[in-house]
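> Sharing a structure, written as structure tokens. Questions coming.
The values are calculated or read from the model by the stated rules, or taken from the named source; none is laboratory data. Not measured: the values here are computed from a predicted model. Every residue, glycine among them, receives a Cβ derived from its backbone with ideal geometry; neighbour counts consider all protein chains shown. The accessibility values were calculated without ligands, DNA or RNA, using every heavy atom of the protein model including side chains. Shrake-Rupley method; radii C 1.70, N 1.55, O 1.52, S 1.80 Å.
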Amino acid sequence: MGPNRFRYLRRGLAGFLSILCLFLLPLASADSEPPLPIFDCHLHYSEDAWSSFPPNEVISTIRAAGVIGILASSSPDDGTVKLLERAPDLVVPELRPYRNGVSSATWHADADTPAYLRERLAQRRYIGIGEFHLHTVEDARSATVRDAVALAVEHDIHLHVHADAPVIRALLQINPDSRILWAHAGMVTPPDQIRAVMQSYPNVSAELSYREDQILGDGTLDPHWKSLFLDFPDRFVVGSDTWAPGRWPIYDAIIDDHRAYLKLLPRGLAEKIAFRNAERMFRRK
């Protein structure tokens, strides 16, 4: 090969590499972006986790995952207080009605629950009541639940509800001024039913714990979920739901599973769902 041909070949290779770098640079920049901050809007620190995962260890785990805020509740409420006392900058407390044998299956029929909620609400600034479970519309219409709804409206706080769509509608029929955070976006409620609820009730928001695999089913963003996020950008938040001790060793992976679908959304929308919506909703002074 003559010197001129060699020189032209080198120039051509250099040009090709320059063009390749232009294409790869945005990818490298995207990969080099720091992980999205996350505000975890469904976190429990209940009694069954206290001995295995001490409060300081739990707080370190949360911070190490890049989580900047948590909406925390526990069974009983003492677990929330343990975290709040150690990390007031991190913890936004909710008040769960479960305690001393009053469980997800019985709280709605427990006549002492309204007095318990009222007493605790007088002690500190909770941002919500929940997360609690309601399994039927009849449960949602009980006297205890009606009192809980009235307390939430009186204190201008939200109800964090684990229920399906008919129960959410029943709660809002009790008092349309109720503000509801819909746990797991209904868990198995399909996107079209979530859309119908959100269109009918502008004071319903949803957190996405346990929905990661459905949103990013085969490694691509489900178009129905993407459409929901685009149409209701201010009404979705992220959650981990550490309902059992076994969730703590995988906490960072749970949070990263949310980041996996969020990074496929426009950056501004991803930030809203990751933390900005929660900051606006729950960091109220």
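> Return yes or no: is T113 of a type in the set (S, T, N, Q) and within 27 Å of P202 (Cα to Cα)?
Here the answer is no, as T113 does not meet what is asked.
> Which of the residues that make up segment 125-148 are outside any loop (DSSP other than H, G, I, E, B), within 16 Å of the chain's Cα centre (by Cα) and farther than 11 Å from T106 by Cα?
G128, I129, G130, E131
> Those residues that are within 14 Å of the chain's Cα centre (by Cα), within 30 Å of S51 (Cα to Cα) and among the hydrophobic types (A, V, I, L, M, F, W, C), I need them from segment 213-263; list them, please.
Those that are within 14 Å of the chain's Cα centre (by Cα), within 30 Å of S51 (Cα to Cα) and among the hydrophobic types (A, V, I, L, M, F, W, C): V237, V238, W243, I254, I255.
> Count, please, the residues in segment 220-267 that happen to be touching a Phe, Trp or Tyr at 6+ places or on another chain (Cβ under 7 Å), more than 22 Å from T80 (Cα to Cα) and assigned to a helix (DSSP H, G or I).
1
> Would you confirm whether any residue within segment 133-156 is open to solvent by less than 10 Å² (accessible area, probe 1.4 Å) and touching a Gly at 6+ places or on another chain (Cβ under 8 Å)?
Within segment 133-156 (the criterion being open to solvent by less than 10 Å² (accessible area, probe 1.4 Å) and touching a Gly at 6+ places or on another chain (Cβ under 8 Å)), the answer is yes, since at least one residue qualifies.
> Now for a different question. In segment 257-275, which residues are touching a residue at least 60 places away in the same chain (Cβ under 8 Å) and either out of contact with any His (no Cβ under 9 Å at 6 or more places or on another chain) or β-branched (V, I, T) (or both)?
Of everything in segment 257-275, those that are touching a residue at least 60 places away in the same chain (Cβ under 8 Å) and either out of contact with any His (no Cβ under 9 Å at 6 or more places or on another chain) or β-branched (V, I, T) (or both) turn out to be H258, R259, L262, K263, A270, E271, I273, F275.
> Please go through segment 232-253 and pick out each residue that is more than 15 Å from G79 (Cβ to Cβ) and open to solvent by 10 Å² or more (accessible area, probe 1.4 Å).
Once the filter is applied, which keeps residues that are more than 15 Å from G79 (Cβ to Cβ) and open to solvent by 10 Å² or more (accessible area, probe 1.4 Å), segment 232-253 yields F232, P233, D234, R235, G246, P249, I250, D252, A253.
> Here are A196, A185, A170, A206: which of them is part of a strand (DSSP E or B) and in contact (Cβ under 8 Å) with a residue 12 or more places away in the chain?
So the residue among A196, A185, A170, A206 that is part of a strand (DSSP E or B) and in contact (Cβ under 8 Å) with a residue 12 or more places away in the chain is A206.
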